[in-house]
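This report concerns only the one structure given below.
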Amino acid sequence: MVKTRIRIISLGCAKNRVDSEFLLGRLAEAGMAIAGEDEPADAVIVNTCSFLQSACEEAIDVILECAEEKRAGKLRAVLVSGCLPNRYGTDLAKEMPEIDGVISPGSYDKVAEFVREALDRKSPSVLSGKGYLGSKAPRMLTNAGHYAYIKISDGCNNRCSYCMIPDIRGPHVSKPMEDVVDEAGRLLGAGVKELVVIAQDPTRYGTDLYGRPLLGELVKQLAGLDGLMWLRLMYAYPSRVDDELIGLFEDGLKGRLLPYMDLPMQHGSAKVLSAMNRLGSPEAIIDVVGRLRRARPGFVVRTTFMVGFPGESEADFRELLDFIRLVGPQRAGVFKFSPEEGTPAASMPDQVAEEEKDERERAVMSLLAEISLEYNESRIGEVTTVMVDGPSDESELLVSARSYAEAPEEDGHILIGDCTLAPGSVLKARITSAAEYDLGADIVE
């Protein structure tokens, strides 16, 4: 019997990537064949992001490209999953007749049945449940297999005034701890060496299931698993980083808990943070960063900032620049405020002109690049453990690697001149050169 062939296109964040890998696992479990990017397929599932209008536009463009493949006879069905169906529901298929079916994350365990119905031209709309945790579900990694993201919760309760995530993904829901640990064990058993903990708000983990935050306890259990080399924490809400978590970083958990954390700060002005409905003050964020760095020498902070939020004055922007200089995040990104339909911030007065947003974005990017370069240059001569990700985009003679200070797919690379090194290789390297984002290194024999 010829197997149904399915291709998945995953858009957006790492959390969406995890969902795509669970979808692949469910489809393979049902006996369907997984097609590669350029291979023929019966159907394609576009797993979408809709956090920003630009992400919606990207998703629509990809859907239309797939529709062209269908018209050319290369596909039988174009299916859409993820945040776009959550945001627009059944209106999505009505507005885009090119779509043969839509499925929301809460229905992912039924994806094989959904695909069969779509191929039978039944135009299914399966829209029950906004989040997905994949408890006990099979999963098929889409990278080289030496690192994996592990999503510990879905949804968000924070209600930042610029953000649609609580409406798109629903309220915060934690994955039971035993299921997270079981999934992590299966990933490590399959050869994964680095686990990257992600969620919309990982620091709230456990409050809904156990009545109190239990991220620290989860971290201890994950760090104790056989086969783990590195454990990395991303997207931690700064005001919820507590004494227990800082103590775990100080301990290091036998060197497995990396001295690295992503702390989305968003701004350095108390007025703007309040308008964003963000918890905590600039002073509190500075305190948390200082405590983390004192707890573990060499601690690396990654963050994101937003410019052009409604009402952001010149004085507020100067406060942001001063805040960045004080915090000195070694890894960071910046994005411009986008007035998303349905959010309170979209209708706030004193919207900042696009030209001003662009100028402020350039200024913040320039400052962050200076900080990154200074940090990278300080590492020249350092001998560090690195993990190879694969061939470099810079040259076929180089491989890209990372140390504790570089998160996969987010930060710069450590470039090593030995193209024979396989993904997942772990070795000692000496940093020999530094640019704003990438470093050069030689293998230490």
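In table form, for the structure just shown:
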item	result
Scan of the range 215-229 for residues that are assigned to a loop (DSSP other than H, G, I, E, B) and crowded, with 19+ Cβ neighbours inside 10 Å, ordered by number	228
Yes/no for residue 317 being of a type outside the set (D, E, K, R) and over 24 Å from the mean Cα position of the chain (by Cα)	yes
Members of the range 115-129 found to be surrounded by fewer than 23 Cβ atoms within 10 Å (Cβ to Cβ) and either at pLDDT 90 or above or part of a loop (DSSP other than H, G, I, E, B) (or both), listed by number	116, 117, 119, 120, 121, 122, 123, 124, 127, 128, 129
Tabulated pairs, the range 130-154, first closer than 20 Å to residue 83 by Cβ, second in a loop (DSSP other than H, G, I, E, B) and of a type in the set (S, T, N, Q), C-beta under 8 angstrom, 6+ apart or interchain	130/104; 153/200; 154/200
Count - residues of the range 11-44 that are out of contact with any Cys (no Cβ under 9 Å at 6 or more places or on another chain) and part of a strand (DSSP E or B)	3
Residue list for the range 151-205, filter: among the small types (Gly, Ala, Ser) and part of a loop (DSSP other than H, G, I, E, B)	155, 161, 170, 190, 191, 199
Qualifying positions in the range 230-240 - touching a strand residue (DSSP E or B) at 6+ places or on another chain (Cβ under 9 Å) and in a loop (DSSP other than H, G, I, E, B)	234, 235, 236
Qualifying residue in the range 303-313 (condition: out of contact with any strand residue (DSSP E or B) (no Cβ under 7 Å at 6 or more places or on another chain), of a type outside the set (D, E, K, R), free of Cβ contacts under 8 Å to residues at least 12 places away in the same chain and not in a helix (DSSP H, G or I))	yes
Matching option when the condition is surrounded by fewer than 19 Cβ atoms within 10 Å (Cβ to Cβ) and either of a type in the set (Phe, Trp, Tyr) or not assigned by TED's automatic domain parsing to the domain that holds residue 190 (or both), among 34, 63, 45	34
Output for the range 359-385, where each listed residue is under 24 Å from the mean Cα position of the chain (by Cα) and farther than 30 Å from residue 445 by Cβ	361, 362, 364, 365, 366, 367, 368, 369, 371
Residue match in the range 397-407 (condition: closer than 30 Å to residue 197 by Cβ, surrounded by 14 or more Cβ atoms within 10 Å (Cβ to Cβ) and in the same structural domain as residue 161 (by TED's automatic domain parsing))	no
Count - residues of the range 71-92 that are in a loop (DSSP other than H, G, I, E, B) and either closer than 22 Å to residue 163 by Cβ or outside the structural domain of residue 47 (by TED's automatic domain parsing) (or both)	1
Residues located in the range 427-445, provided they are crowded, with 16+ Cβ neighbours inside 10 Å and either closer than 20 Å to residue 147 by Cβ or small (Gly, Ala, Ser) (or both)	427, 429, 434, 438, 439, 440, 441
Among (1) among the β-branched types (Val, Ile, Thr); (2) touching a Leu at 6+ places or on another chain (Cβ under 6 Å); (3) assigned to a helix (DSSP H, G or I) - the single one residue 60 does not satisfy	(2)
Some residue of the range 76-85 being surrounded by fewer than 16 Cβ atoms within 10 Å (Cβ to Cβ) and aliphatic (A, V, I, L, M)	no
Residue ID - surrounded by the fewest Cβ atoms within 10 Å (Cβ to Cβ), chosen from residues in the range 317-368 that are among the aromatic types (Phe, Trp, Tyr) and closer than 16 Å to residue 161 by Cα	335
Test set (1) touching a residue at least 24 places away in the same chain (Cβ under 8 Å); (2) within 26 Å of the chain's Cα centre (by Cα); (3) part of a helix (DSSP H, G or I) - residue 334 fails condition number	(3)
Selected residue [assigned to a loop (DSSP other than H, G, I, E, B) and surrounded by fewer than 19 Cβ atoms within 10 Å (Cβ to Cβ)] from 424, 390	424
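The values are calculated or read from the model by the stated rules, or taken from the named source; none is laboratory data. Being a predicted model, the structure only gives us computed values, none of them experimental. Virtual Cβ from ideal backbone geometry, glycine too; neighbours counted across all protein chains shown.
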